[in-house]
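The values are calculated or read from the model by the stated rules, or taken from the named source; none is laboratory data. Note that the structure is predicted; figures quoted are calculated from it, not measured. Cβ placement follows ideal geometry from the backbone for every residue including glycine, while neighbour counts extend to all protein chains displayed.
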Amino acid sequence: MKKSALLATLLLSGATLATTIGGTVAFAAEGGTTQSKGTVSFVAGVTQPPTIVDPGNPPEIIDPIKPPTGQSGPLSIDFASDLMFGEQEISSNDKTYYAHPTGFDTDGDKSTIEDYTVDFVQVSDLRGSFAGWTLSVAQDAQFHLPGVTTSEATANVGDYLTGATLNFSGGHVVAGTVSTPEVNAAKPSQVKGDSFAVSSAATTVVGAKVNEGMGKWSYAFGQKSDYDAISGDVAAADKSVAKKSPITLQVPGSTAKKAGVYETTLTWTLSDTPAV
């Protein structure tokens with residue numbers, strides 16, 4: 001009796017695990033599918049200090065004699081070349097002076113120019129918003145002697161280079177990485193490439209529409225071959241006279257000039273307003 005009861009119990013339990021089909025016992029199907037996820041999140045980038053790319057040989061990193069701006073993004077101007085026109089003799093003739101290229105070194109002491117590249121302004125857009133941007137430039141005032149605080153209209157004769165004109169040409173944009181179709185697709189579509197004179201009114205030089213201008217870009221002037229070579233001691237190189245450049249300073253012979261260093265300030269403005 002006990003053995004029969006036990007067998008009946010086992011058969012009853014097995015009925016929940018199998019069914020009989022045509023006299024053959026079939027068990028429930030095994031296996032199945034499921035999913036798992038992979039995730040990565042991005043935030044607006046900040047590069048401190050920013051890396052400066054040679055626009056004549058991207059993605060080569062260089063160390064310009066002039067330091068970077070110190071801006072750290074995510075939308076920032078990383079670098080803007082100073083313009084050095086050398087040490088010129090006072091003349092009563094109309095003259096055109098040529099800017100030196102941007103010098104850099106490789107040992108970090110910043111006392112000697114070991115090589116050079118084109119003059120340029122570097123922009124980084126690491127926001128991840130694809131929102132676009134615009135870059136413009138303006139000259140704060142005419143070239144003038146240091147310390148001059150009066151306006152050009154009321155200044156002493158020779159305090160300003162009255163009538164002088166600062167001109168840019170050969171403007172183009174360069175990606176801060178090796179050019180690929182994907183990079184070219186995101187290239188800012190509005191670039192001022194024709195010759196223009198800088199003035200106190202801001203001139204837009206690069207415009208990136210929505211979905212353009214992401215990453216690192218340079219607005220560069222001409223090619224390396226458009227400049228006279230520069231090397232050696234920084235102070236001596238800055239005083240040397242160049243014979244060619246896509247950036248020029250035209251000074252009328254009639255302009256009164258004093259012995260001394262004339263200077264001006266260029267303001268480069270990067271706006272988060274996209275080009276249209």
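The residues listed here are 140, 94, 125, 119; of these, the one that is acidic (Asp, Glu), under 23 Å from residue 250 (Cα atoms) and crowded, with 19+ Cβ neighbours inside 10 Å is 119.
Does region 69-108 hold any residues that are among the β-branched types (Val, Ile, Thr) and without any contact (Cβ under 8 Å) to a residue 40 or more places away in the chain, and which are they? Of everything in region 69-108, those that are among the β-branched types (Val, Ile, Thr) and without any contact (Cβ under 8 Å) to a residue 40 or more places away in the chain turn out to be 69, 102.
Mind checking which residues of region 177-203 are more than 16 Å from the chain's Cα centre (by Cα), closer than 19 Å to residue 139 by Cα and outside any strand (DSSP E or B)? It would help to see each step written out before you state the result.
Filtering region 177-203 down to residues more than 16 Å from the chain's Cα centre (by Cα) leaves 180-182, 185, 193-203.
Narrowing the set further to residues that are closer than 19 Å to residue 139 by Cα leaves 193-203.
Scanning region 177-203 gives 193, 194, 195, 198, 199, 200, 201, 202.
Say we look at region 125-151 and pick out the residues that are assigned to a strand (DSSP E or B) and closer than 22 Å to residue 193 by Cβ; which of these is modelled with the lowest pLDDT? Top of the filtered list is 125.
Being more than 19 Å from residue 265 (Cα to Cα), touching a residue at least 60 places away in the same chain (Cβ under 8 Å) and not in a strand (DSSP E or B) holds for only one residue in 157, 174, and it is 157. Residue 229 falls short on exactly one of the conditions (1) part of a loop (DSSP other than H, G, I, E, B); (2) more than 28 Å from residue 109 (Cα to Cα), and that condition is (2).
Might you check whether a residue that is among the basic types (Lys, Arg), in contact (Cβ under 8 Å) with a residue 60 or more places away in the chain and not in a loop (DSSP other than H, G, I, E, B) occurs anywhere in region 248-271?
No - not one qualifying residue is present in region 248-271.
For region 145-165, the set of residues classified as under 17 Å from residue 97 (Cβ atoms) and in contact with an Asp or Glu (Cβ under 6 Å, 6 or more places away or on another chain) consists of 145, 160, listed by residue number. Taking region 204-251 as the range and being among the small types (Gly, Ala, Ser) and within 22 Å of the chain's Cα centre (by Cα) as the test, the residues that pass are 207, 208, 213, 215, 218, 220, 222, 225, 245.
Taking region 152-177 as the range and being surrounded by fewer than 17 Cβ atoms within 10 Å (Cβ to Cβ), under 30 Å from residue 210 (Cα atoms) and at pLDDT 95 or above as the test, the residues that pass are 167, 169.
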